[in-house]
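Notes to accompany the following structure.
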Amino acid sequence: MPWNRPNRLALTVVGCALLAGTVVTGYTLVNADADAAAGIRPAASANAPHCHRIATSAPASLGGLARRDSSLPGIAVWGDRAIVLRCGVTPPGPTSDPCFAVDGVDWVIDTAQSTRGRKVIVTYGRVPATQVVFEGGGQTDAALVDLSRIVAPIRQTSNCVETG
């Protein structure tokens, strides 16, 4: 095959496409590896259709932090893992943990997993359940308003907050 101009151009285009695909794949794998190394694991039901919708429609910024890519199913991450959403966790049963409603979505503070600098909150009465972990002093109230909007389409089957 002669190396005339059209052949060189075609070879260059194919080479660039392969390089771009390799870079994107490498970036995705690095983020997934970094998230896994940081202890972030997909929940048991992370591949549920609702979880895919929640993870892909999560806001670009949350609590003043930019969202970053994570290839892990059912996972959305903001900042340097300051806020991590995991969809598909086991729904909490009846509990004495604090419960509150945000825009029609009931949330429970998981006191067993929360610490002074870490707040773990889980949706109540929705399957699959969604867990949000706030590290540090993030803006949980504003963040939960945004997150309640994307969780609300999951049918609520029970309440932990009495509806009026």
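The values are calculated or read from the model by the stated rules, or taken from the named source; none is laboratory data. Quick caveat: nothing in here was measured; it's all calculated off a predicted structure. Here Cβ is always computed from backbone atoms with ideal geometry, including for glycine, and neighbour counts include all displayed protein chains. Side chains are part of the model used for accessible areas, which takes the heavy atoms of the whole protein and leaves out ligands, DNA and RNA. Shrake-Rupley method; radii C 1.70, N 1.55, O 1.52, S 1.80 Å.
Can you spot a residue in the range 124-140 that is under 16 Å from Pro42 (Cα atoms) and assigned to a loop (DSSP other than H, G, I, E, B)? Yes: one or more hits.
Annotation note: of Gln139, Gln156, Gln131, the sole residue that is more than 17 Å from the chain's Cα centre (by Cα) and surrounded by 13 or more Cβ atoms within 10 Å (Cβ to Cβ) is Gln156.
In this structure, is Pro98 modelled with pLDDT of 95 or more, surrounded by fewer than 14 Cβ atoms within 10 Å (Cβ to Cβ) and closer than 19 Å to Gly125 by Cα? Criteria met by Pro98. If the condition is being part of a strand (DSSP E or B) and over 9 Å from the mean Cα position of the chain (by Cα), then the range 68-110 contributes Arg68, Gly88, Val89, Cys99, Phe100, Ala101, Val102, Val105, Asp106, Trp107, Val108, Ile109.
Do we find that Ser45 is touching a helix residue (DSSP H, G or I) at 6+ places or on another chain (Cβ under 7 Å), closer than 24 Å to Ser158 by Cβ, open to solvent by 20 Å² or more (accessible area, probe 1.4 Å) and not in a strand (DSSP E or B) in this structure? When the stated conditions are applied, Ser45 passes them. When the residues of the range 111-123 are filtered to those that are among the hydroxyl-bearing types (Ser, Thr, Tyr) and part of a strand (DSSP E or B), the one that is farthest from Arg155 (Cα to Cα) is Thr115.
Val122 falls short of the stated requirement of being crowded, with 17+ Cβ neighbours inside 10 Å, at pLDDT 95 or above, out of contact with any Pro (no Cβ under 9 Å at 6 or more places or on another chain) and at negative phi.
If only residues of the range 103-113 that are farther than 18 Å from Pro128 by Cβ and β-branched (Val, Ile, Thr) are counted, the one that is surrounded by the fewest Cβ atoms within 10 Å (Cβ to Cβ) is Thr111.
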